[in-house]
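Presented below is the structure to which this report refers.
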Amino acid sequence: MSIKDRLLQIKQQLPETVKLVVVSKYHSPEEILEVYNEGVRDFGENHAQELIPKYELLPKDIAWHYIGTLQRNKVKQIIPFVSLIQSVSSEALYDEIVKRASAISRKVDILFQIHIAQEETKSGFAIEEAKETILKLSLRSEDNPYRRVRGLMGMATLTDDSSQIKKEFRELHTLYESIKKELPMEVAASFDTLSMGMSSDWPLAVSEDSNLVRIGTAIMGERNYNR
Ligand SMILES: *Cc1c(COP(=O)(O)O)cnc(C)c1O
């Protein structure tokens with residue numbers, strides 16, 4: 001199947017209320033354009049050094065999502081153009097994003113990444129401690145001109161055990177709802193994104209109320225790590 005066929009197949013299965021971000025890391029600008037030409041405008045990347053040349057080369061109406069571990073010293077380079085940083089995984093990173101956005105008077109959308117998987121290698125706020133910190137940062141009104149807290153992102157354990165995956169997504173959904181409930185109305189109004197689900201587990205994520213899926217391999221094909 002071609003990239004186009006795989007994209008159309010997933011689009012057919014995806015409820016209209018769920019936003020699709022196509023994860024284009026390790027894929028060429030030509031492959032990204034194939035997807036772009038089918039109307040997709042949201043793409044996800046996880047390395048600044050790969051994202052920046054793609055941003056420069058590709059059409060400027062692409063909304064770039066940053067979905068990987070973000071080093072603080074790379075924030076400055078991506079902040080002028082990135083659309084949604086999905087992987088805010090520490091208070092220090094949050095502070096750096098606000099600082100760099102403020103320096104150029106830009107407002108950037110962010111999601112807090114929550115650690116829901118069993119693997120220690122995955123990053124994010126520990127689910128038990130996330131709520132307090134996220135409420136605190138979301139209520140920092142002096143940051144309002146520079147960031148909009150849009151919601152939460154998480155990655156489930158890589159396993160064949162779908163009940164485990166569902167349980168992790170459900171925990172993230174519960175946390176999302178409980179944070180949203182405690183935010184003042186004007187902040188809660190834009191806290192509207194629950195990003196969970198990738199190629200192997202997106203149907204489970206959607207069944208647990210994800211409203212943004214990040215799909216790479218199932219659309220773009222296998223990644224070429226030698227590029
Ligand atoms: C790579 C990546 C994806 C996409 O993974 P696929 O299995 O190829 O769909 C989604 N989310 C994050 C955070 C990623 O790093």
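The values are calculated or read from the model by the stated rules, or taken from the named source; none is laboratory data. Computed from a predicted model, the values in this text were never measured in an experiment. Here Cβ is always computed from backbone atoms with ideal geometry, including for glycine, and neighbour counts include all displayed protein chains. SASA here: full protein model, heavy atoms, side chains in, ligands and nucleic acids out. Shrake-Rupley method; radii C 1.70, N 1.55, O 1.52, S 1.80 Å.
Couple of notes before you dig in:
- Evaluation of residue 164 against (1) touching a Ser or Thr at 6+ places or on another chain (Cβ under 7 Å); (2) surrounded by 18 or more Cβ atoms within 10 Å (Cβ to Cβ) (one fails), failing number: (2)
- Scanning the range 148-189 for residues that are among the acidic types (Asp, Glu) and within 16 Å of the ligand (Cβ to nearest atom) returns 160, 168.
- Any chance residue 112 is touching a residue at least 24 places away in the same chain (Cβ under 8 Å) and open to solvent by 10 Å² or more (accessible area, probe 1.4 Å): no
- No other residue among 123, 195 is of a type outside the set (Lys, Arg), part of a loop (DSSP other than H, G, I, E, B) and in contact with a strand residue (DSSP E or B) (Cβ under 7 Å, 6 or more places away or on another chain) apart from 123.
- Residue under evaluation residue 226, criteria (1) surrounded by 23 or more Cβ atoms within 10 Å (Cβ to Cβ); (2) at pLDDT below 95, criterion not met: (1)
- Selection of the range 41-62 for residues being open to solvent by less than 20 Å² (accessible area, probe 1.4 Å) and aliphatic (A, V, I, L, M) yields 48, 51, 58, 62.
- Single residue of the range 97-109 satisfying the filter (surrounded by fewer than 19 Cβ atoms within 10 Å (Cβ to Cβ) and basic (Lys, Arg)) that is nearest to residue 148 (Cα to Cα): 107
- Residue in the range 190-207 that is least open to solvent (accessible area, probe 1.4 Å), counting only those that are more than 16 Å from the ligand (Cβ to nearest atom) and out of contact with any Leu (no Cβ under 8 Å at 6 or more places or on another chain): 190
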